[in-house]
Amino acid sequence: MTNSVKMLDGNAIPQLGLGVWQASNEQVVSAIHAAFDAGYRLIDTASVYENESGVGTAIKSSNLAREDIFVTSKLWNKDQGNVQKALEKSLTLLELDYLDCYLIHWPAPSLGQYTNAWKELIKAQHSGLVKSIGVSNFLPEHIDTLIQQTGVTPVINQIEKHPLFSQQSISKWCTERDILVQAWSPLAQGGEGIFERPEVMAIAAAHQKSPAQVVLRWHIQKNTLVIPKSVTPSRIAENIDVFDFVLTPDELKTIDALDKNQRLGPDPLDFV
Ligand code: NAD
């Protein structure tokens, strides 16, 4: 079972959840059932993943109460001028009355629409369609604009973050403003060689855990939220089994030293 963290708006969010990018509607049903069985309560999807209907089917066919599940979805870039319609479509596909969290997926600054989109998210929160609102892939300058224009601070910034790209500066900036940092690709999309690094393997052996568990534990001890993706039941269970051991300060530093400032995904400044 994962622990929960308080957000700026007073709502709570599980520190660890299941990411479902690149999983089909069919795959997510069994993956989410395996995740619920293993103790997950947060599912991270997005309209662009085209699997919201599978997520809805999985939730409906689970025996969990709606209020015990935390569902995040994201507004796709081309919908920044059409928030209400995009949100309604996500809710319909998910078969839900409300989202626990709705994120603007990318700032896409060249579109010049993210501030207006944020105003629409604020309205959606007031109308109860969304409990919490946040952003993804936003740089400090984009978040500053939102705060200056609306006075409302996003509760979360979901960003690429893993040992090869540890994003210390933006993480510190967000933490100073009580914005929670949620890591996407927390496992560097399956390792990128980090699971085979001798120093990571040595830490894993010392705790009788896997390298993936060591990486997730590193995030957790840095107060980062994580949404590792897997559709394999054994890995789904492995990835949440990270709350019964503690990395030492030296072990944390060893993982810190893997940082190469190496992005695996797009640059938020020019991605549309
Ligand atoms: P990830 O870092 O979670 O890696 C997932 C991959 O790691 C799996 O496909 C599998 O190959 C491997 N893996 C998983 N568990 C493992 C284990 N225990 N041992 C060994 N290998 C393992 O990568 P991700 O899917 O890119 O990111 C996680 C989630 O973040 C996504 O599913 C999505 O929900 C979200 N995301 C958001 C954005 C965004 O722009 N906001 C971008 C990318 C991903």
Every residue from segment 195-209 that is surrounded by fewer than 22 Cβ atoms within 10 Å (Cβ to Cβ) and not in a loop (DSSP other than H, G, I, E, B): Phe195, Glu196, Pro198, Glu199, Met201, Ala202, Ala204, Ala205, Ala206, His207
Only residues that are free of Cβ contacts under 8 Å to residues at least 24 places away in the same chain and either under 27 Å from Leu269 (Cα atoms) or assigned to a loop (DSSP other than H, G, I, E, B) (or both): list them for segment 126-143, please. Ser127, Glu141
Output the qualifying pairs, or none if there are none: Cβ atoms under 6 angstrom, residues six or more apart or on different chains, first residue in segment 225-247 and without any contact (Cβ under 8 Å) to a residue 60 or more places away in the chain, second residue open to solvent by 10 Å² or more (accessible area, probe 1.4 Å) and more than 8 Å from the ligand (Cβ to nearest atom). Phe245/His207; Leu247/Arg217; Leu247/Gln221
Segment 228-241, residues that are buried (at least 24 other Cβ atoms within 10 Å of the Cβ) and either more than 9 Å from the ligand (Cβ to nearest atom) or in a loop (DSSP other than H, G, I, E, B) (or both): Pro228
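Yes or no, residue by residue, for (1) within 10 Å of the ligand (Cβ to nearest atom); (2) small (Gly, Ala, Ser):
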{"residue": "His162", "(1), (2)": "yes, no"}
{"residue": "Ile170", "(1), (2)": "no, no"}
{"residue": "Cys174", "(1), (2)": "no, no"}
{"residue": "Leu180", "(1), (2)": "no, no"}
{"residue": "Ser185", "(1), (2)": "yes, yes"}
{"residue": "Ala206", "(1), (2)": "no, yes"}
{"residue": "Arg217", "(1), (2)": "no, no"}
{"residue": "Lys260", "(1), (2)": "no, no"}
Qualifying strands (runs of 3 or more DSSP E) (wholly inside segment 1-111; at least 1 residues being of a type in the set (A, V, I, L, M, F, W, C), within 18 Å of the chain's Cα centre (by Cα) and away from the ligand (no atom under 15 Å from the Cβ)): 4-6, 12-14
Of those in segment 111-136 that are among the hydrophobic types (A, V, I, L, M, F, W, C) and either in contact with a Lys or Arg (Cβ under 6 Å, 6 or more places away or on another chain) or open to solvent by 30 Å² or more (accessible area, probe 1.4 Å) (or both), the residue farthest from Thr92 (Cα to Cα) is Leu111
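The values are calculated or read from the model by the stated rules, or taken from the named source; none is laboratory data. Since we're looking at a predicted model, the values are computed, not measured. For neighbour counting, all protein chains shown are included, and Cβ atoms are generated from backbone atoms with ideal geometry for every residue, glycine included. Only protein heavy atoms, including side chains, enter the accessible area calculation; ligands, DNA and RNA are left aside. Shrake-Rupley method; radii C 1.70, N 1.55, O 1.52, S 1.80 Å.
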